[in-house]
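Step one of this worksheet: look at the structure below.
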Amino acid sequence: MASLIDRYGRRFPYLRLSVIEACNFRCSYCLPKGYQARPDLPRHLGVDEIRRLLTGFARLGMRKVRLTGGEPSLRRDLTDIIGVAAAVPGVEKIALTTNGVLLPQRIDDWRAAGLSHLNVSVDALDRARFAEITGHDRLPHILDGIERALALGLSAVKLNAVLLRGLNDDQLPAFLDYLRDRPISLRFIELMQTGDNLEYFRRHHYRAEALEDALQTEGWGLLPRAADAGPAREYAHPDYRGRIGIIAPYSRDFCAGCNRLRVTSSGDLRLCLFGNVGIPLRPLLQDEDQADELQAALISQLGLKALGHGLHEGQTGLTPHLASIGG
Ligand code: SAM
Ligand code: SF4
């Protein structure tokens, strides 16, 4: 059976699909002025187009899909999209990355539709600090939603926090306290430079290695890397139920562990988060008869995937901010 494998031998069982570019938050590192609609952007993929897309990827070995954005919960048909993804033969894990603002109202439905993995972005556990970073004073509400997700017994609940010098670099004790009794994995993500945030990046970039030194001092130990693991470095501590993952896109071996492809909300394949080309798949998603054509296009495009990104040289490719591609 044909499968998604590139010329460097990397496999791609993981697809990150942006379902909408718009967002209702104003995270200072992502959309500091809020989402500005782009009149030239084609409409997001519909549910049938998404089903054909996921079916095509699954036929080539994709086993996990992450729905992201923008803010995916802004789509009223998100529950239907989850249901469609869950019904695609071969797809085993359905993940969602969200700012969590609709979690308390919607998580039960998403779970019932087949959601298995949840990531919620929480950049600070201090309410005022959270409001300062995201532009919205919704932390208690989001934390309630996370408790509900834990009660529903999803396969994994994770928190994402972007490391920000001067904004949340004093939050480690609060995060550790939160992890003591909760089976949650907290992912600290090193701030990435994008087309729009150069000045911000210079001011707030905080090296993941500095945080890892602090964790090791606190007794956290690096776990051996699982063969199918993504780019996160995982830490555990015997006194804590939770774990910590470090996502350090500037580290040397980051791209060697790449196991993911991306599709934007309007159906462009992106081979790399910071790549220079978007390959339009939408024309191949209009009819069930196009399945073979779609499969052939995916295989041939994968042949063009580069070994690594150009972030070290400040090359951010087509990505003005991560909401535009699905971080
Ligand atoms: N709106 C959803 C959310 O915030 O979870 C999903 C989309 S958001 C673009 C996905 C993830 O990318 C979030 O965890 C966010 O914190 C992260 N992110 C956004 N911009 C980033 C940047 N410049 N560097 C590192 N992570 C970033
Ligand atoms: Fe919106 Fe997510 Fe970007 Fe924050 S990180 S502005 S919630 S897309």
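Which residue out of 41, 60 is away from ligand 1 (no atom under 15 Å from the Cβ), closer than 30 Å to residue 205 by Cβ and at pLDDT below 95?
Result: 41 is the single residue among 41, 60 that is away from ligand 1 (no atom under 15 Å from the Cβ), closer than 30 Å to residue 205 by Cβ and at pLDDT below 95.
So, in region 104-125, exactly how many residues are within 16 Å of residue 66 (Cβ to Cβ) and within 11 Å of ligand 1 (Cβ to nearest atom)?
4
Any chance you could count how many residues in region 5-39 are away from ligand 2 (no atom under 16 Å from the Cβ) and under 20 Å from the mean Cα position of the chain (by Cα)?
Residues that pass the stated criteria total 6.
Does residue 52 satisfy the condition of being away from ligand 2 (no atom under 16 Å from the Cβ) and not aliphatic (A, V, I, L, M)?
Criteria met by residue 52.
Specify which of the listed residues (94, 20, 5) is crowded, with 21+ Cβ neighbours inside 10 Å and more than 14 Å from ligand 1 (Cβ to nearest atom).
94
Considering only region 126-202, give the helices (runs of 4 or more DSSP H) lying wholly within it that have at least 3 residues that are of a type in the set (Phe, Trp, Tyr) and more than 15 Å from ligand 1 (Cβ to nearest atom).
By residue number, no helices (runs of 4 or more DSSP H) qualify.
Where the second residue is of a type outside the set (Gly, Ala, Ser) and in a strand (DSSP E or B) and the first is within 17 Å of residue 131 (Cα to Cα) and lies in region 164-186, which pairs have Cβ atoms under 9 Å and are six or more apart or on separate chains?
Final answer for the pair search is 164/205; 165/205; 168/162; 169/163; 175/159; 175/186; 175/188; 175/244.
Scan region 149-163 and report the pairs whose first residue is more than 16 Å from ligand 2 (Cβ to nearest atom) and whose second residue is of a type in the set (Val, Ile, Thr), with Cβ atoms within less than 6 Å and a gap of 6+ or a chain change.
149/107; 149/157; 150/157; 157/184
For region 91-123, what are the residues that are hydrophobic (A, V, I, L, M, F, W, C) and away from ligand 2 (no atom under 13 Å from the Cβ)?
91, 94, 95, 107, 110, 112, 113, 115, 118
Out of the residues in region 235-266 meeting the condition of being charged (D, E, K, R) and in contact with a Leu (Cβ under 9 Å, 6 or more places away or on another chain), tell me which one is farthest from ligand 2 (Cβ to nearest atom).
Checked region 235-266; the qualifying residue farthest from ligand 2 (Cβ to nearest atom) is 241.
Which helices (runs of 4 or more DSSP H) sit wholly inside region 30-115 and have at least 3 residues that are in contact (Cβ under 8 Å) with a residue 12 or more places away in the chain and either among the small types (Gly, Ala, Ser) or under 19 Å from residue 134 (Cα atoms) (or both)?
Qualifying helices (runs of 4 or more DSSP H): 78-86, 103-113.
With the structure loaded, tell me whether residue 145 is under 19 Å from the mean Cα position of the chain (by Cα) and surrounded by fewer than 20 Cβ atoms within 10 Å (Cβ to Cβ) or whether it fails that test.
Judged against the criteria, residue 145 is not a match.
Is it the case that region 53-60 has a residue that's of a type in the set (D, E, K, R) and out of contact with any Lys or Arg (no Cβ under 8 Å at 6 or more places or on another chain)?
The answer is yes, given that some residue of region 53-60 is of a type in the set (D, E, K, R) and out of contact with any Lys or Arg (no Cβ under 8 Å at 6 or more places or on another chain).
Please give the number of the condition residue 74 fails out of (1) touching a Gly at 6+ places or on another chain (Cβ under 9 Å); (2) on the phi < 0 side of the Ramachandran plot; (3) buried (at least 18 other Cβ atoms within 10 Å of the Cβ); (4) of a type outside the set (D, E, K, R).
All conditions pass for residue 74, except number (1).
For region 112-136, what are the residues that are acidic (Asp, Glu) and in contact with a strand residue (DSSP E or B) (Cβ under 6 Å, 6 or more places away or on another chain)?
Across region 112-136, the qualifying residue is only 123.
Within region 240-272, how many residues turn out to be surrounded by fewer than 18 Cβ atoms within 10 Å (Cβ to Cβ) and aliphatic (A, V, I, L, M)?
Total meeting the criteria: 1.
Every residue in region 181-198 that is more than 16 Å from ligand 2 (Cβ to nearest atom) and modelled with pLDDT under 95, please.
Residue satisfying the conditions is 198 alone.
So, in region 236-273, exactly how many residues are modelled with pLDDT of 90 or more and farther than 24 Å from residue 285 by Cβ?
Number satisfying all stated conditions: 12.
The values are calculated or read from the model by the stated rules, or taken from the named source; none is laboratory data. Keep in mind it's a predicted model, so treat the numbers as computed, not measured. Quick reminder, even Gly has a Cβ in these numbers, built from the backbone with ideal geometry, and neighbours come from all protein chains shown.
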